Amino acid sequence: MTIESHDGSSSDLDVLNGATVVLGVTGGIAAYKSVELLRRLMDLGAYVIPVLTESALRFVGAATFSALASETAKTSLFDLTDPILHTRLGQQADLIVVAPATARLIGEYAHGISRDLLTTTLIATVAPVVLCPAMHTEMWNHVSIQENMETLRRRGVFVVEPERGRLAGGDIGEGRLAAVDVILEACARSLAPKRDLAGKNVVISAGGTREAIDPVRFIANHSSGKQGYALAEDARRRGAQVTLVTTVDRPSLPGIETVSVDSAQQLFEAVLRLADQADIVVMAAAVADFRPVATATQKLKKRAGIPEIILEPTPDTLAELGRRRRPGQVIVGFAAETEDVIANGARKLKDKRVDLIVVNDVSQEGAGFHSDLNAVVILGQNDRRIDVGLGPKSTIAHAVFDEVVSLIGKH
Ligand code: CTP
């Protein structure tokens, strides 16, 4: 068995060589980590201009950034020697990366509020923007932040999701600034988006299905659909024409067509209809294996006693895709497992006759359902195995499509 691990190789980072990067730093405890990010960007040959907000200066000193960067750190809109600094920076930048990005910066950027040099530069640019949020878990999960993040994602901003780990004050949770390597990988990807799926038709399923028991109740699962959406965004950025068959309603990148479904049967019909034209089908949806034989037309009443719900199997979309596969079509399945993770994944690869199975250990802490993070093992033919460590779902999606691209035209 060949075992590889997927991490942005140094050749991927070469695109940063010679790029003009505006490094935005806002006022969070993680601001000290952006010094390391600056140093790594400089080592890679980037021309880095740091822009620090007023509150960033409470955590780190401008002198540190000025000493390491290509230009002195910029801290004010009202630099008398350069009265239009924000437009100069916005135009000059090949890329703007904000690390850490605080709740305030995210809110202002999402709403077009230009309050200081950094927000003004962000609004005055057409360069790709990589945003690396870092804050307390409660803040990160707050609906206002999540809505602002969705707005920015929809506009094409590259988001490097925060990690789970130790936060300021000793708390542990999601909200810690992503690792420098992950941020660099996102920077490189935003600068040189791979167009290796241009002209390809990709169908992706996302979310968990719902099997109705009566008009108000259903059998469901914990799938949030986040991984499926991340896959759709990655395929879209690579130039594919993407159709997302989804049970959840989340904002997505422009250009992704969505088809809403609810039950396993609806998902089966939609995916198989679309698969006729598809070059690649990725089944990230968590599909119910069983459904009630009959759905009660009226709400089941408690006084009628414990109901007996007889189940029947649902159609297996992935297995059917494997059976109907056209020559050259690439089919990818997912497997959510809690035990014997690799063996169960390998069995599904064989039984469902697909090209890849992305195995997800959903019992692992910090990964899987609802989380922005995931860790997977991608299993392919001839015992091929790629381990993708805990990281944002966007990184997992990218690793999956790297592998898919390597299979195109192979059979
Ligand atoms: N799948 C499907 N249709 C189903 C069940 C599953 O298309 N009725 C797909 C899923 O989208 C996923 C893959 O099959 O890509 C594996 O799903 P999983 O639930 O992990 O496996 P099962 O086939 O249900 O097997 P088991 O119950 O043994 O885990």
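Among the residues of the stretch 338-348, those identified as closer than 20 Å to residue 321 by Cβ and either more than 7 Å from the ligand (Cβ to nearest atom) or outside the structural domain of residue 374 (by TED's automatic domain parsing) (or both) are 345, 346, 347. Across the stretch 312-328, a minimum of one residue is classified as more than 13 Å from the ligand (Cβ to nearest atom), part of a loop (DSSP other than H, G, I, E, B) and under 22 Å from residue 378 (Cβ atoms). Just to be sure before I move on: is residue 78 assigned by TED's automatic domain parsing to the domain that holds residue 105, modelled with pLDDT under 95 and of a type outside the set (Lys, Arg) in the structure I sent? In short, yes. Quick one: what pairs do we get from the stretch 209-231, first residue under 15 Å from residue 249 (Cβ atoms), second in a helix (DSSP H, G or I) and of a type outside the set (A, V, I, L, M, F, W, C), C-beta under 7 Å, 6+ apart or different chains? So the pair list comes out as 226/393. Please work out which residue is farthest from the ligand (Cβ to nearest atom), limiting yourself to the stretch 288-311 and to residues that are basic (Lys, Arg) and outside any helix (DSSP H, G or I). Ranking the qualifying residues of the stretch 288-311, first place goes to 301. For the stretch 14-31, the count of residues that are surrounded by fewer than 18 Cβ atoms within 10 Å (Cβ to Cβ) and touching a Lys or Arg at 6+ places or on another chain (Cβ under 8 Å) is zero.
Criterion applied to 388, 358 was being away from the ligand (no atom under 16 Å from the Cβ) and surrounded by 20 or more Cβ atoms within 10 Å (Cβ to Cβ), and the one residue passing it is 388.
Just to be sure, is residue 388 at pLDDT below 95, assigned by TED's automatic domain parsing to the domain that holds residue 316, under 17 Å from the mean Cα position of the chain (by Cα) and farther than 24 Å from residue 248 by Cα? Answer is yes for this residue. Being surrounded by 15 or more Cβ atoms within 10 Å (Cβ to Cβ) and farther than 17 Å from residue 268 by Cα holds for only one residue in 304, 319, 336, and it is 336. Taken over the stretch 263-287, residues that are away from the ligand (no atom under 14 Å from the Cβ) and either in contact with a Pro (Cβ under 8 Å, 6 or more places away or on another chain) or over 17 Å from residue 325 (Cβ atoms) (or both) amount to 0. May I ask you to verify whether residue 189 is without any contact (Cβ under 8 Å) to a residue 24 or more places away in the chain and surrounded by 19 or more Cβ atoms within 10 Å (Cβ to Cβ)? Judged against the criteria, residue 189 is not a match.
Per-residue answers, yes or no, for (1) of a type outside the set (Val, Ile, Thr); (2) in contact with a helix residue (DSSP H, G or I) (Cβ under 7 Å, 6 or more places away or on another chain); (3) over 23 Å from residue 54 (Cβ atoms):
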{"residue": "120", "(1), (2), (3)": "no, yes, no"}
{"residue": "123", "(1), (2), (3)": "no, no, no"}
{"residue": "127", "(1), (2), (3)": "yes, no, yes"}
{"residue": "132", "(1), (2), (3)": "yes, yes, no"}
{"residue": "135", "(1), (2), (3)": "yes, yes, no"}
{"residue": "153", "(1), (2), (3)": "yes, no, yes"}
{"residue": "164", "(1), (2), (3)": "yes, no, yes"}
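For the stretch 350-360, the condition holds for at least one residue, the condition being that it is without any contact (Cβ under 8 Å) to a residue 24 or more places away in the chain, of a type in the set (Lys, Arg) and assigned to a helix (DSSP H, G or I). The residue pairs whose first member lies in the stretch 66-83 and is loosely packed, with under 15 Cβ neighbours inside 10 Å, whose second member is of a type in the set (Ser, Thr, Tyr) and assigned to a helix (DSSP H, G or I), and whose beta carbons are closer than 7 Å, counting only pairs six or more residues apart or on different chains, are 72/66. Can you find even one residue in the stretch 134-146 that is assigned to a helix (DSSP H, G or I) and buried (at least 18 other Cβ atoms within 10 Å of the Cβ)? Yes, that holds for at least one residue. List the number of the failed condition for residue 351; all other conditions in (1) among the charged types (D, E, K, R); (2) within 10 Å of the ligand (Cβ to nearest atom); (3) surrounded by 15 or more Cβ atoms within 10 Å (Cβ to Cβ) hold. Status for residue 351: all satisfied but (3). Quick check: is even one residue across the stretch 309-322 of a type in the set (Gly, Ala, Ser) and touching a residue at least 12 places away in the same chain (Cβ under 8 Å)? Looking for residues that are of a type in the set (Gly, Ala, Ser) and touching a residue at least 12 places away in the same chain (Cβ under 8 Å), one finds at least one in the stretch 309-322, hence yes.
In the stretch 33-45, the residues that are part of a helix (DSSP H, G or I) form no Cβ pair under 6 Å with any partner that is surrounded by fewer than 24 Cβ atoms within 10 Å (Cβ to Cβ) and at pLDDT below 95, whether six or more places apart or across chains. Considering (1) charged (D, E, K, R); (2) surrounded by fewer than 16 Cβ atoms within 10 Å (Cβ to Cβ); (3) closer than 27 Å to residue 103 by Cβ, the lone condition that residue 43 does not fulfil carries the number (3).
The values are calculated or read from the model by the stated rules, or taken from the named source; none is laboratory data. Here the structure is a predicted model, which is why all the values come from computation and not from measurement. All Cβ positions, glycine included, derive from the backbone under ideal geometry; neighbour counts span all protein chains shown.
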